Each structure stands twice: as C-alpha cells, then as structure tokens.
1. Only residues that are touching a residue at least 40 places away in the same chain (Cβ under 8 Å) and over 22 Å from GLU145 (Cβ atoms): list them for region 55-70, please.
2. Tally the residues that are open to solvent by less than 10 Å² (accessible area, probe 1.4 Å) and either within 16 Å of the ligand (Cβ to nearest atom) or in contact with an Asp or Glu (Cβ under 7 Å, 6 or more places away or on another chain) (or both), restricting the search to region 50-78.
3. Kindly indicate whether any position in region 199-210 is within 15 Å of the ligand (Cβ to nearest atom), in a strand (DSSP E or B) and open to solvent by less than 10 Å² (accessible area, probe 1.4 Å).
4. Just the residues that are under 20 Å from the mean Cα position of the chain (by Cα) and open to solvent by 30 Å² or more (accessible area, probe 1.4 Å), please, taken from region 103-113.
5. Do you know which of the residues in region 171-195 that are in a strand (DSSP E or B) and closer than 15 Å to LEU130 by Cα is most open to solvent (accessible area, probe 1.4 Å)?
6. Within the group ILE5, ILE23, which residue is open to solvent by 10 Å² or more (accessible area, probe 1.4 Å) and either more than 24 Å from HIS83 (Cα to Cα) or hydroxyl-bearing (Ser, Thr, Tyr) (or both)?
7. So which of PRO104, PRO174 is touching a helix residue (DSSP H, G or I) at 6+ places or on another chain (Cβ under 6 Å) and at pLDDT below 95?
8. Looking at (1) closer than 30 Å to ALA238 by Cα; (2) without any contact (Cβ under 8 Å) to a residue 40 or more places away in the chain; (3) surrounded by fewer than 17 Cβ atoms within 10 Å (Cβ to Cβ), find the lone condition where ILE150 falls short.
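The values are calculated or read from the model by the stated rules, or taken from the named source; none is laboratory data. Every value quoted in this text rests on a predicted model; they were computed, and no experiment measured them. Because the Cβ atoms are built from the backbone with ideal geometry, glycine has one as well, and the counts that use them run over all protein chains shown. The area values use the complete protein model at the heavy-atom level, side chains included, leaving out ligands, DNA and RNA. Shrake-Rupley method; radii C 1.70, N 1.55, O 1.52, S 1.80 Å.
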Amino acid sequence: MRAKIIITDNYQLMSEAAARLVIEQIKKKPNAVLGLATGATPIGLYENLVKAAWLKTVSLSQTKAFLLDEYVGLNKADSRSFHYFIKNKLFDRVDIKKENTFIPDGQAQDLKKECASYESLIKRHGGIDLLILGIGLNGHLAFDEPGSEIDSKTRVVKLKEQTRRANAAYFKKPSQVPRQGITIGLGTIMKARKIILLAAGENKAGVIRRALKGKITKSVPASILQTHKNLTVVLDQAAAGELMAGGKRRK
Ligand code: GLP
C-alpha cells in the first residue's frame, strides 16, 4: 500500500496534524477545492482551521468546499442536518465565501436531479483537490455503505442500521434518524487528487485495520482507498492499535 500513515498520540495531535496538511494545501493553492466530511472525528481539525483563519495564518477567501453528504428529508436549519453542522463548525467561522460553499440539498423536490447536478458541479470546479474523510464502523466513507460500487457517483442511498444507530446520539429517538442520505460516490471520492483519512478512538481500530490492511472488497468501502495514489491517513494511537500487530509502526 502506498498510503502515508501518521500516528499521533491523541485526538488533539491528530487534529493538529491534519489541519497542517489542509493549511499547506490552501497555501499552495489558495483556490483549492476541498471535500469535507461531517461526524465527530473532523471537528478538531475544523477547530484548528478556524483558529488559523482567525490568526490569519491562512485565508480561505478563495477556497471552495463541497460537503460530502447530507440526510434526506432534514431541513437545512435543523441542528441535526449536515448543513447546520458544517456551517456551525466551519463555514460561518472562517473567511470562506458563501458562494464557494456547496452542500447537497436533502430536501430537493427532485433528488435524482440534485445528485446529478452536485456531481457535475464538482466536475465544473475542476474536481476535488483535497478530500477529508472519516470512516464509519462498517467501513463506510461519506454515506457510501458496504456494497457501494467502486465507480459510484453522487446518489441517494439507504442507510444501514449500524450507521443509523451510530448517528442516533444526535437525535431524541433512534427512530428519528433519517433512513436515506445523499452522498458523493466512491468514484467521486477516488477522483480526488489527495485524500486525508482521519480516525480516532479504540472503536475505530478494527475497521482501520480492515480498511488499510484487509482485502479490497465492496463489503468494506474504505478498502478501495488502498488503491488511491495520494492517501494520507492520520490516526490517534487508539485507532492505530490493530495496525501494529505483526507490522512495524510508521511515523
Ligand atoms: C457519518 C458520516 C461520515 C463519517 C462517519 C463517521 O455516517 N456520513 O462522513 O465519516 O459518520 O463519523 P464519526 O467521525 O462521528 O465517527
């Protein structure tokens, strides 16, 4: 595997290391196109970006950003929507221009059309320069659940029960977790010029091992990343826990 693996001591250092890579990219190409994940994992990275923008270490004034996914059916203003998440964690707190931020509309009248136009919008902006990914416990990336096709594009998907359970903490009742999502595809992901995969915590150790050292298989969507030409994986010790068994730790 050609991935570069960075193992840090804890979540905070993982977030700082990932933020450094994003800042480096924006400095090199101020109008870079970013792809951004939601979830608990990248929150620390976004906090570091907010801090850097505030300190004027970096400016996102020319940067473009595409969110990877969204729940179907949730209103943008709903605090559990990914729209709300990314505005609240990043977009509203840095100098990125609103017209340079893109989020799939989970309430679009015609969802199929929304997916097709999101995919072509990414293309029209020249594709994603730097994609930030988290990983689900079943190996999903964005909302590309097990079984997703390697060349899949932006589309509506049915969420697996495990994914709905993992996201239930954000809802009053587990039954409120939407059953569908809009997600960019594995094909869209693999076209990104550079990918950063983040994972923290012991509960991600198994899936990180399966994704990075296991067989490349549809049942672990993240395993396709093994074939990406420019992948950097940033982990904390706990998430890297099962990578080391029988193998050498790489810095
Ligand atoms: C959600 C998101 C993914 C994210 C995953 C893991 O399903 N759609 O983009 O990577 O959850 O989230 P967390 O970082 O909270 O573990």
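1. LYS64
2. 8
3. Yes: region 199-210 contains one or more residues that are within 15 Å of the ligand (Cβ to nearest atom), in a strand (DSSP E or B) and open to solvent by less than 10 Å² (accessible area, probe 1.4 Å).
4. Matches in region 103-113: ILE103, ASP105.
5. First, the residues of region 171-195 that are in a strand (DSSP E or B): 180-183, 194-195.
Among the residues that remain, those that are also closer than 15 Å to LEU130 by Cα are: 194-195.
Working: LYS194: 45, ILE195: 0 Å².
Ranking the qualifying residues of region 171-195, first place goes to LYS194.
6. Numbers: ILE23 fails: either more than 24 Å from HIS83 (Cα to Cα) or hydroxyl-bearing (Ser, Thr, Tyr) (or both).
Being open to solvent by 10 Å² or more (accessible area, probe 1.4 Å) and either more than 24 Å from HIS83 (Cα to Cα) or hydroxyl-bearing (Ser, Thr, Tyr) (or both) holds for just one of ILE5, ILE23, which is ILE5.
7. Matching residue, one of PRO104, PRO174: PRO174.
8. (2)
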